[in-house]
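Please read the structure below before turning to the comments.
Each reported figure results from applying straightforward, stated rules to the coordinates on display, with no laboratory input. As the structure is a prediction and not an experimental result, all values here were calculated from the model. Virtual Cβ from ideal backbone geometry, glycine too; neighbours counted across all protein chains shown.
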Amino acid sequence: MQIDPAFRHPGVLLTATALVGAAGISMFSLARERQHIKALDADRTQALTELAQTRSQIRDISARLDSLAAANASQRTVPAPRLTPRASRPPSTQSRPDDSRLQRLQSQISMQQKELAQTREEIAKNQQNLQGELNSTREDLQGRLNSTKDELSGSIAKNHDELVILQKRGERNYYEFDLTKSKEVRRVGPVSLALRKSNMKRKNYNMDMLVEDNRLEKKNVNLYEPVWINLTDRPQPVEIVVNFIGKDQIRGYVSEPKYKRSELAQGAPALVGKPMQLSTR
């Protein structure tokens, strides 16, 4: 199946350039958002590491406190020796330094527990903020990707009449195809296609494609689901859409940018041509 060369359209070059620029800006923004997400993950990892270190310090102090308390208890359970009047002495004050040390340790533990509680609160807030930023970033990226895809694809034609409407826009070339199950590929515009399997009940199909001498396979592609293929000499992807699935048969179309990169780089000398006509051969 072949299609006549494109007709003259003064605004096509500016439209194609704007779309390419929009796609580039979207990809650049996507890279910046991914770097921001990595930085947030690094902050979260550092906070978790500091929390683990604080917990380890509290365990060490608790162990020391338990050991000291056990030593004090053993000293208090030893019976005091009987003293004669001659050997009478004032009450022992040996436990006072230990009691003072115990109080200092308890004070330190109390302070570290407060710091630990504050750290937990900060980590919880950081996690909430991080999750919120991640959700917002995902939504923003998804919106930008959808917007870029819409700009590149335009609309999906569900039948021949809608395809004619897309053709009249003059932005892309369209090639209709009607394939039956076969192992041999058939040329359709810039690619070659072969139907390997169709499922009328589930409305999906398997297809082999020959793209720039590379054999590709697409499985379980749904009705009206676009298949995107990047070619080296096309400023935008080639689109394949199936809008009818029958028993061992599919129908649809292939869409490609009206002008190649080489034509745009040369000042579009090939913009002059005959009006485009669809072919169903």
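In the stretch 178-239, what GluC sites (Glu not before Pro) fall in a loop by DSSP, with at most 13 other Cβ atoms inside 10 Å? Don't skip to the end; give the middle numbers.
On the way: sites: GLU184, GLU212, GLU217, GLU239; in loops: GLU184, GLU212.
Loop-located and lightly packed - GLU184, GLU212.
Let's test the formula: R0 of 22 Å, r as the Cβ-Cβ distance of ALA70 and GLU115. What FRET efficiency results, to the nearest 0.05? Working shown, then result.
Details: r = 27 Å, r/R0 = 1.21.
That gives a FRET efficiency of 0.25.
Can you order the peptides 172-181, 60-69 by their average number of other Cβ atoms within 10 Å per residue, highest first? Walk me through the intermediate numbers first.
Details: 172-181: 19.2, 60-69: 12.6.
Per-residue mean Cβ counts within 10 Å order the peptides as 172-181, 60-69.
Return the FRET efficiency for the residue pair LYS125, ASP60: r is the Cβ-Cβ distance, R0 is 41 Å, and the value is rounded to the nearest 0.05.
Details: r = 27 Å, r/R0 = 0.67.
Efficiency computed from Cβ-Cβ geometry: 0.90.
For the cross-link pairs LYS158/LYS247; LYS158/LYS181; LYS158/LYS197; LYS158/LYS258; LYS218/LYS258; LYS168/LYS219, which exceed 29 Å when the distance is taken from alpha carbon to alpha carbon? Show your work: numbers first, answer last.
Values: LYS158/LYS247 18 Å; LYS158/LYS181 21 Å; LYS158/LYS197 20 Å; LYS158/LYS258 21 Å; LYS218/LYS258 25 Å; LYS168/LYS219 32 Å.
Table pairs above 29 Å Cα-Cα are LYS168/LYS219.
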